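For reference, the structure is listed below as structure tokens.
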Amino acid sequence: MQKRTFLNTLLASTMLATLSFPALSETAFDGPTTGPQAAEGKTIVVLAGDLKNGGILGVTNGVEEAAGKIGWDVRVLDGAGSVQGRTAAIGQALALQPDGIVINGFDAVEQQAALEGVVAASIPMVAWHSGPKIGCDAPGGIFANVSTDAMTVSEVAAKWAMEDGGDGVGAVIFTDSTYQIAIDKADRIKETIEAMGGTVLEYVDTPIADTSTRMGPLTTSLLQKHGASWTHALAINDLYFDFMGPALAAAGIPGDGSPKAGSAGDGSEAAFQRIRGGQYQTITVAEPLNLQGWQLVDELNRAIQDEPCSGYVTSPALVTEEGLAKLGDSNSFDPDSPYRDAYSKIWGK
């Protein structure tokens, strides 16, 4: 009863989508209801930071779905998880001379020099997770940076750990200093854990792009160093936990044992499968990736026509095994709201 009371309070204070995730009956769409009709015959480019990242892939799929409805052509270029790859993708996008560009899942500051070329070419840009400023007029010439409130996401993940483990929480936090938003999220997790009386055993900076090779040995090393005092693993992205399980299994730790893993984003399909099966991940704080793909297309339609951005900020959801059981076989957070119909109506489609 105590846990239920705490979580209900958390829902009220953070505007979380719904803990039982998601509501089984349709909810109203809380996004824009007005805007420009579809600009006809446009071609856009999605610059994906790394399509191996489930969040980036989910947003890309949403952009492609929305573009099919609005009647635009889409070209997806994969930065493949490296700074050089993303720079090259921007160069390719410029050569294609598209009507708009989507920066998908990498920090605009990292690519400032390359993106100046996009601004100089007067190509409208929108972004997903391009930096700490959410919404309209993001830095670097970006018309709108689409995201949930990253600090809310981080607080939800940290508060889950504290409610789950109480005063005995010993957390290891995983982040990637390549991205300012990742640093900010990890800092907020740390602050929240410590403010609630928990202990942060270690703050680990390791690149998301290298998780496949680094997380196994790193997990083994952390187990040897911290032992049973390591109760919770908290990361700024689900991808860290894609490669932690085998090392935990090799150490004789069951899938539902400690350290329990919780992610402050983004709600990948692989994470849902792990949570559903009780296999080395307990929760994720998911973003409505497909909806955000539709929002990116809508914001780009506004930018192309010199209309104001919508200012819409989507809400995240705390995903648990109990909540997933109510979804049947679905492994994605797609809010049960008529957002597709709402955007189609705005566009006149």
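The values are calculated or read from the model by the stated rules, or taken from the named source; none is laboratory data. Computed from a predicted structure; not experimentally measured. Note that we place each Cβ from the backbone using ideal geometry, even for glycine, and neighbour counts take in every protein chain shown. To get the accessible areas, we keep the full protein, side chains included, count just its heavy atoms, and leave off ligands, DNA and RNA. Shrake-Rupley method; radii C 1.70, N 1.55, O 1.52, S 1.80 Å.
So which pairs qualify, if the first residue must be in region 273-291 and open to solvent by 30 Å² or more (accessible area, probe 1.4 Å), the second must be aliphatic (A, V, I, L, M) and part of a loop (DSSP other than H, G, I, E, B), the Cβ gap must be under 7 Å, and the two must be at least 6 apart or on different chains?
Taking only residues 6 or more apart or on different chains, the pairs are 280/244.
So, in region 307-334, exactly how many residues are open to solvent by 10 Å² or more (accessible area, probe 1.4 Å), touching a Pro at 6+ places or on another chain (Cβ under 9 Å) and not hydroxyl-bearing (Ser, Thr, Tyr)?
6
Please go through (1) of a type in the set (A, V, I, L, M, F, W, C); (2) at pLDDT 95 or above; (3) open to solvent by 10 Å² or more (accessible area, probe 1.4 Å) for residue 1 and return the number of the only condition it doesn't satisfy.
(2)
May I ask you to list the residues in region 225-241 that are part of a strand (DSSP E or B) and either among the aliphatic types (A, V, I, L, M) or open to solvent by 10 Å² or more (accessible area, probe 1.4 Å) (or both)? Reasoning before the result, please.
Of all residues in region 225-241, those part of a strand (DSSP E or B) come to 232-235.
Passing the criteria: 233, 234, 235.
Condition check: hydrophobic (A, V, I, L, M, F, W, C) and modelled with pLDDT of 95 or more. Does residue 182 satisfy that?
It is false that residue 182 is hydrophobic (A, V, I, L, M, F, W, C) and modelled with pLDDT of 95 or more.
Restricting attention to region 167-183, and to residues there that are touching a residue at least 24 places away in the same chain (Cβ under 8 Å), among the hydrophobic types (A, V, I, L, M, F, W, C) and part of a helix (DSSP H, G or I), which single residue is most open to solvent (accessible area, probe 1.4 Å)? Let's see the steps before the verdict.
Start the filter on region 167-183 by keeping residues that are touching a residue at least 24 places away in the same chain (Cβ under 8 Å), which leaves 167-182.
The next check asks that each one be among the hydrophobic types (A, V, I, L, M, F, W, C); those that pass are 169, 171-174, 181-182.
Remaining after also requiring part of a helix (DSSP H, G or I): 181-182.
Values: 181: 32, 182: 5 Å².
Looking at the filtered set, the residue picked out is 181.
Just give me the residues in region 58-110 being buried (at least 21 other Cβ atoms within 10 Å of the Cβ), without any contact (Cβ under 8 Å) to a residue 40 or more places away in the chain and not small (Gly, Ala, Ser), in sequence order.
Of everything in region 58-110, those that are buried (at least 21 other Cβ atoms within 10 Å of the Cβ), without any contact (Cβ under 8 Å) to a residue 40 or more places away in the chain and not small (Gly, Ala, Ser) turn out to be 77, 86.
Looking only at region 184-224, count every residue that is in contact with a strand residue (DSSP E or B) (Cβ under 6 Å, 6 or more places away or on another chain), within 30 Å of residue 138 (Cα to Cα) and either open to solvent by less than 50 Å² (accessible area, probe 1.4 Å) or part of a helix (DSSP H, G or I) (or both) and tell me the total.
The total comes to 5.
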